[in-house]
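What follows draws every value from the coordinates through simple rules; no lab data is involved. Source: prediction; values computed, not measured. Here the Cβ is made from the backbone with ideal geometry for all residues, glycine too, and neighbour counts use every protein chain on show.
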Amino acid sequence: MEKAVFKKYEDGYYTFIFDSGLEMIFEEVHPKVIHQYDLRNDRSLIGETFEISFTEIFDDSDEDFVIYRIERLQKI
């Protein structure tokens, strides 16, 4: 798991900034994570640091198209 700061949720996308400075946008979130953290509505989570693990989902018809999905999230 890597460390990242939750930046925002907007229009169905979750933005996190990793320790390396990399900003990543996630389209999907595992249902368990959504149940544990209301990233869509809980503004108090903005700026919080999390340990995050995610997967890359490649589209079979377009190998350049990748969806990032949050699999686990743990507030530090």
Residues located in the stretch 1-29, provided they are within 9 Å of the chain's Cα centre (by Cα), aromatic (Phe, Trp, Tyr) and under 14 Å from Leu73 (Cα atoms)
Phe6, Tyr14, Phe16, Phe26
Working only within the stretch 38-66, note down all residues that are surrounded by 12 or more Cβ atoms within 10 Å (Cβ to Cβ), more than 11 Å from the chain's Cα centre (by Cα) and under 19 Å from Met1 (Cα atoms).
Leu45, Glu48, Thr49, Ile57
